[in-house]
Structures are given as C-alpha cells and as structure tokens.
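One structure is given below, encoded as structure tokens.
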Amino acid sequence: MAHSLSHFFAYVSRLRWIKRWGLMRNAIEENVATHSWEVATLAHALALIRNRHFGGQVNADRIAAAALYHDATEVITGDLPTPVKYHSKVMREAFGDIEHKAEAELLALLPDDLRDDFAPYVRESRLPAEDKELIKAADRLSAWLKCQAEIRAGNREFEPAAEQIRRRLEQEGLREVAYFMEVFAPSYEQPLDNLLE
C-alpha cells in the first residue's frame, strides 16, 4: 500500500535554525529545537514530581510529548520575543490567531489518518488545563535557566529578565517548580567536574 509524501517532520526539524532571544545580545546561542527538548524534559520532571510528592495524577509521558511540540508553530511564525507578543491585548490576540492558523497549517502537512493523533500535541488548546500549566511552567523555568547561564557568562543584559521570570514563577506558586528550584537548579551553576562527583 503506497502512502503519500508528508513534509511534516522535515519542516519541524527546521526549528533548529530559528534563534531565540532575538532582541537581546546572547553569549550562548539558543534555538527553538534545543529549547523544546529542554522544556520537554523539564515538563516531564515537573509532572513526575507532582505525581510523586504532591498527589498529582497527570500523564507525564503525554506532557513530555506535548512539550516537544509546544513551539512547533514557530517554524512558520518565527520566534516572537515575549515583550513584543505580550505588548498589548491587541498584539496578544493577533498573535494568538496567527498561532492557531500555524497549528492548522502544520497539521495539514500530516497524512489525513494521523492528523487526529497529532492534534492534541500540536494544538495547545486541546491539552488538559493541568498539562498546559506544567508545560508553561517548564517553559518559564527553561527561560530562567537560560538567563542564569547568560549571567554566569558575564552577560548582564539578562539580569532584568531573570528577575522578572523568577518573580513570575514564585507568584504562580507551583510546588513542583519550588521543588525543582531547590533540588535541581543549584547544580546548573556547577562546573562539569563537580557534577560527576
């Protein structure tokens, strides 16, 4: 049985060429593919922490898979910096509409019989609220870790962003994020030799 050609994965693989933090001077370049992998690992960890320590019953594997695709539309839209995206209600609504259209375009690249299978991962609106909450927290946590790496590299331009993101994480008050910040985040400051001890 012959199957028709799909460009979905070839297209999504181009996320590696889309740079993040475009309005800021970066000591350490970051692309959307690398960021998506980190968000997926962090979201998976937050889900497992919630289930183990805070009485959660979320599907950590589904959350990790959805996190891998959380910025997939940026292969169409590019990475719009957060200050631009959230500049005003009008900007946020306009960009939300563009994101929904980009989700539809990405899904249209898949074979018909796989679209419904991928839709819960590519269309953020189809995710359960608890999954979205953990993926968003992982996204912010990834951004904060990036800021910390830049600051350690001597790039003070990331200090205000680091403070703002940290405040936002604290205001949201997710216990699994607090756990991660206490148990895992300090190790990011260590040199490699210390991590292997």
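The values are calculated or read from the model by the stated rules, or taken from the named source; none is laboratory data. Keep in mind it's a predicted model, so treat the numbers as computed, not measured. Here Cβ is always computed from backbone atoms with ideal geometry, including for glycine, and neighbour counts include all displayed protein chains.
Remarks
- Selection of region 180-197 for residues being closer than 24 Å to residue 56 by Cα and exposed (fewer than 10 other Cβ atoms within 10 Å of the Cβ) yields only 182.
- Every residue from region 87-140 that is within 30 Å of residue 157 (Cα to Cα), in contact with a Lys or Arg (Cβ under 9 Å, 6 or more places away or on another chain) and either touching a residue at least 24 places away in the same chain (Cβ under 8 Å) or surrounded by 18 or more Cβ atoms within 10 Å (Cβ to Cβ) (or both): 134, 140
Rundown of residues vs (1) among the hydroxyl-bearing types (Ser, Thr, Tyr); (2) loosely packed, with under 14 Cβ neighbours inside 10 Å; (3) out of contact with any helix residue (DSSP H, G or I) (no Cβ under 6 Å at 6 or more places or on another chain); (4) over 16 Å from residue 145 (Cβ atoms), yes/no style:
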| residue | (1), (2), (3), (4) |
| --- | --- |
| 17 | no, yes, yes, yes |
| 31 | no, no, no, no |
| 40 | no, no, no, no |
| 43 | no, no, no, no |
| 54 | no, yes, no, yes |
| 57 | no, yes, yes, yes |
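- Scan of region 1-24 for residues that are touching a Phe, Trp or Tyr at 6+ places or on another chain (Cβ under 9 Å) and either aromatic (Phe, Trp, Tyr) or assigned to a loop (DSSP other than H, G, I, E, B) (or both), ordered by number: 8, 21, 24
- Condition check for residue 172: of a type in the set (D, E, K, R), under 22 Å from residue 45 (Cα atoms) and touching a residue at least 24 places away in the same chain (Cβ under 8 Å): yes
- Selection count where residues are surrounded by fewer than 20 Cβ atoms within 10 Å (Cβ to Cβ) and on the phi < 0 side of the Ramachandran plot, scope region 141-179: 25
- Residues of region 51-107 satisfying the condition of being under 17 Å from the mean Cα position of the chain (by Cα), part of a loop (DSSP other than H, G, I, E, B) and of a type outside the set (S, T, N, Q): 69, 70, 71, 72, 78, 79, 80, 81, 86
- Yes/no for residue 79 being among the acidic types (Asp, Glu), touching a residue at least 60 places away in the same chain (Cβ under 8 Å) and touching a strand residue (DSSP E or B) at 6+ places or on another chain (Cβ under 8 Å): yes
- Residue in region 41-61 that is at pLDDT 95 or above and either touching a Pro at 6+ places or on another chain (Cβ under 9 Å) or under 23 Å from residue 10 (Cβ atoms) (or both) present: yes
- Taken over region 121-137, residues that are farther than 16 Å from residue 170 by Cβ and touching a helix residue (DSSP H, G or I) at 6+ places or on another chain (Cβ under 8 Å) amount to 11.
- Residue check: residue 26 meets all listed conditions (1) in contact with a Leu (Cβ under 8 Å, 6 or more places away or on another chain); (2) polar (S, T, N, Q); (3) farther than 14 Å from residue 124 by Cβ; (4) surrounded by 15 or more Cβ atoms within 10 Å (Cβ to Cβ) but one, namely (1).
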